[in-house]
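The values are calculated or read from the model by the stated rules, or taken from the named source; none is laboratory data. What you are looking at is a predicted structure, and each value in this text was computed from that prediction instead of being measured. Counting neighbours? That spans all protein chains shown, and the Cβs are built from the backbone with ideal geometry, glycine included.
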Amino acid sequence: MMEGAGIKVDDSHVSQVGEHNAARDANKGDSSPPNVPQDGESHNRERGGAQKKKRKKTWTKYKNKKKKQIKDKIENKPSSMKSWTKKYDADNPVVPHLGSFAHPEMQKQFGVEVTIPTKDGSGEGDGAATESAAEEKVPKRKLAALIGFLGSKYSGFQVNPAKRTLQAEIELALFRSGILSATNFGHPSKCGWSNSARTDKGVHAASQVCSFKGEMICWNDQISQDEQLEKMRLIVNSNLPSDIQVLDIKRTTRSFCSRTARDKVRYQYMVPSFLLMPPDEVKRAFVDVKVEEFDRNDPEKNLNDVVKLEMLQNTRGFLADYRVSNEQVENLRKSLAIFEGTKSFHNYTRKLSSSDASTSRFIMKFASLDPVIMPGLTNEDGSKSPDSQWVPVQITGQSFLLNQIRKMVSAAVDLARGAVTHEQIEQSFSRQNLMKVDVAPAQGLFLDRSSFEMYNEHKVKNAAKNGGESVDRDTLDWFEAEGKELSPAVKRTEKLKNNTIIPHIVKEETEEGNFVKYLYTHDVLFNDTYQIRETEIGSKKKPDGVKEEPT
């Protein structure tokens, strides 16, 4: 206490202020408050180390999980595939793909003779592959091939073990032509192989694109690169079956991937006009057709075993003579337009839940062309089948789900002919609703165009930087542009489409009646589509009288 002039003053606060100032001066430059231990830096280091260990542990756990998945996948292969692998491992440590004709078992199964030169030089190889090995080494470049095909005889496009696929046939032709080396034959990853689209079994294409690293077997300084590539195209075609054609070959950038570089794709579906027949007329047309009771969920029975083509023979002639009106075509166009834009297509595919984000797709355009009359076929006895009318439908998008296009065509046709309401179609896009949508036949679908606009724009920009020269890598002009003349490749594509693919679809329908069977099963045999089976995610609410089907 301080005393002065008879006044007592408490000086305890003065000493406290002094202590605080002393502590502040001692900790000058430190953001920590007084009397706090100065171990923040070490604490951060310890925390960072713990996080690093945690990340490393998580990454190690992920790698071990992946290794186990790969091991389980190999062990769980069918016994036939495991025997293939074991048998071939004894001679070659690196096993070719089980779906490639480079594998001995594939050659044996399909009767394909392929001789691959050995590393020591003994043994004769196939075609130009052997000749190029003996001559001066030719340069290897990244290439893109535009391919058209009929898919009726093949089990889809992508290589599959023990299946005859289109990719396997094309790979074999490239090897026999000398473009694909013996070391890369049977190993898609080695040559950087990629496909712009994956077509299902029975689906055709006028514009599939494959990219890969290949040898320039026609390398010659005296002729242009375009002439070299054209010669290579003709050589490959000479080694391909008649139902597969290479329409163009272009050189691309080293990083080009046909799957990721493709920015949009257009499919075409040929709709026979009798599919637009109103439901009441369809039932009258099939009134005399009787088949045994059939459960579509019974795996022991195939629909073709129950619905015989002979049963539908009388009806087929009536359906072939059916012609659509202008009003029906306009209704179809309006129905197709409903599917345009970004929507959830969980009801238009398989094996994906409504909550899966991948079911959201952007449809750029969905429209129909004018109806066309296709001439009937001349039979062996000289008789001629009746002419038929078809309505071509084209759909353009970035990418599509499994069965999505065929289900969309089925639903749009049903809406146009009054078999389903506009409200029901709108409900099918809601993630809270699950409903059954039938799949239209695969025989009417084919890949029409593949577009690489972004890649082409990138090439043009680079050309400007190089003084107007695009080096020796071409733009992929495989999609028609308004106001521009069609490129030779697009002209070849149109010729294949109009002279081969569409007539083949018509012939297939005449011989097999796939669309007639579809119409009968869709309208007469079963009538359980477009019923909402789940009103909200997670709840099972069924309409009265509707049985729940297995997913």
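Worth pointing out:
- Selection from the stretch 474-493 of residues that are among the hydrophobic types (A, V, I, L, M, F, W, C) and over 25 Å from the mean Cα position of the chain (by Cα): LEU486
- Selection status of ASP472, modelled with pLDDT of 80 or more, surrounded by fewer than 20 Cβ atoms within 10 Å (Cβ to Cβ) and not assigned by TED's automatic domain parsing to the domain that holds VAL420: no
- Checking each residue in the stretch 386-421 for being hydroxyl-bearing (Ser, Thr, Tyr), out of contact with any strand residue (DSSP E or B) (no Cβ under 8 Å at 6 or more places or on another chain) and not in a helix (DSSP H, G or I) picks out only THR421.
- Screening the stretch 256-285 for residues that are touching a strand residue (DSSP E or B) at 6+ places or on another chain (Cβ under 8 Å) and in a loop (DSSP other than H, G, I, E, B) and picking the one that is nearest to ALA367 (Cα to Cα) gives ASP263.
- For the stretch 371-383, the count of residues that are touching a His at 6+ places or on another chain (Cβ under 6 Å), in the same structural domain as GLY444 (by TED's automatic domain parsing) and touching a residue at least 24 places away in the same chain (Cβ under 8 Å) is zero.
- When we screen GLN398, GLN404, GLN424, GLN432 for residues that are within 20 Å of PRO278 (Cβ to Cβ) and out of contact with any Leu (no Cβ under 7 Å at 6 or more places or on another chain), the only hit is GLN424.
- Members of the stretch 364-381 that are surrounded by fewer than 12 Cβ atoms within 10 Å (Cβ to Cβ) and more than 20 Å from THR396 (Cβ to Cβ): ILE373, THR378, ASN379, GLU380, ASP381
- Among all positions in the stretch 106-114, there is no residue which is modelled with pLDDT of 50 or more, closer than 24 Å to CYS218 by Cβ and of a type in the set (D, E, K, R).
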